[in-house]
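All remarks here apply to the structure that follows.
The values are calculated or read from the model by the stated rules, or taken from the named source; none is laboratory data. All of these numbers come straight from a predicted model, not from anything done at the bench. We place every Cβ from the backbone using ideal geometry, glycine too, and count neighbours over all the protein chains shown. Just the protein is used for accessible areas: all its heavy atoms, side chains included, with ligands, DNA and RNA removed. Shrake-Rupley method; radii C 1.70, N 1.55, O 1.52, S 1.80 Å.
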Amino acid sequence: MKKTIHLLSLAALLFLPMSAFGAEAGGGHVTEKTFIDIYKEGGWCMHFILLFSIATVWLIIDLWMRTNTKKMTPEEDVQTARQLFLAGDYVGAYQAMKVSVSPFAQVVRATLGSVGYGKEAAEEALLAEVDKINSTLQTRINYLSVIGVCTPMVGLLGTVSGMRGAFASLGTAGIGDPTALAGHIGEVLIATASGLFIAIPAFMGFYFLRNKLQAAVHRLQEAGEGLFRNAPYEYLKDADVGQEETYAALPNWVTDAGAAQG
């Protein structure tokens, strides 16, 4: 519940610049509108823009933590794996990495599961796991780009809707009722500005987090490759370090033929 409240509060901060549009002249003085008044004046599209703002804040916070180098490659996991590798306890290293949930542990665990098939297979497993982690996080980061593209479009749709209402009001009441016309024009401005106010931080977060992820993935791959650089693959040949249950068996016609001959 607290996390939801924090996200809503941070999302509301993205709308604060709209207060600049909340002042209207009347009777020689300026009347300040509340945030709720501005939100309502923006029209139906503000509901979608609010959802986009919440998603933007949540993605930026979540991805900032996920792409942290210390979180992706925790020093305690690296030291644990190194100590067990130095002791030659590869099974123990696999079990230790199985307990951890860090991306580094996932890479080590996947690579250890393939060391019995040789150096080439182990390196392919390491790179495949790093690529999998990178693709998963990059996909989440791409959502910020989607928000950055879609939010101005929603604001533009609200603009078109507001302009339609403005011209309809003008056609019905004529120029003699400027209040209704001004209300529709205000809706047009707020809808457009709101879409841009959300799109700008979304795009900034996208590019910043993308670069941050590249650095973290580079560090992750470097730590994994350094761990297996001098692994004694000739002694690990056919070793089942992972000790996971296997579902691959001899074809049933081979086992049936053997039973028949017996």
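In the set (1) touching a Leu at 6+ places or on another chain (Cβ under 7 Å); (2) among the small types (Gly, Ala, Ser); (3) within 17 Å of residue 226 (Cα to Cα), the condition left unmet by residue 87 is number (1). Condition first: assigned to a helix (DSSP H, G or I), modelled with pLDDT of 85 or more, under 29 Å from residue 70 (Cα atoms) and polar (S, T, N, Q). Can you find one or more residues in region 183-204 that meet it? No, every residue in region 183-204 fails to be assigned to a helix (DSSP H, G or I), modelled with pLDDT of 85 or more, under 29 Å from residue 70 (Cα atoms) and polar (S, T, N, Q). In the set 78, 91, only one residue is under 18 Å from residue 133 (Cα atoms) and either part of a helix (DSSP H, G or I) or of a type in the set (S, T, N, Q) (or both); that residue is 78. Taking region 118-153 as the range and being small (Gly, Ala, Ser), assigned to a helix (DSSP H, G or I) and more than 12 Å from residue 59 (Cα to Cα) as the test, the residues that pass are 121, 122, 125, 128, 135, 148. Across region 24-42, the qualifying residues are those that are at pLDDT 70 or above and part of a loop (DSSP other than H, G, I, E, B), and the one among them that is surrounded by the most Cβ atoms within 10 Å (Cβ to Cβ) is 42. Set side by side, the residues 258, 262, 242 differ, and just one is out of contact with any Lys or Arg (no Cβ under 9 Å at 6 or more places or on another chain) and either open to solvent by less than 60 Å² (accessible area, probe 1.4 Å) or modelled with pLDDT of 90 or more (or both), which is 258. When residues in region 57-69 are screened for being surrounded by fewer than 20 Cβ atoms within 10 Å (Cβ to Cβ) and more than 16 Å from residue 211 (Cα to Cα), 1 of them pass.
Looking only at residues that are in contact with a helix residue (DSSP H, G or I) (Cβ under 8 Å, 6 or more places away or on another chain), over 23 Å from residue 75 (Cα atoms) and outside any helix (DSSP H, G or I) in region 221-239, which one is modelled with the highest pLDDT? In this case the residue turns out to be 237.
Among the residues of region 43-69, write down those that are in a helix (DSSP H, G or I) and among the small types (Gly, Ala, Ser). Of everything in region 43-69, those that are in a helix (DSSP H, G or I) and among the small types (Gly, Ala, Ser) turn out to be 53, 55.
Scanning region 97-117 for residues that are of a type outside the set (A, V, I, L, M, F, W, C), assigned to a loop (DSSP other than H, G, I, E, B), open to solvent by 30 Å² or more (accessible area, probe 1.4 Å) and within 21 Å of residue 65 (Cβ to Cβ) yields nothing.
Within the set 66, 164, 140, the sole residue that is free of Cβ contacts under 8 Å to residues at least 12 places away in the same chain and either closer than 30 Å to residue 198 by Cα or aromatic (Phe, Trp, Tyr) (or both) turns out to be 164.
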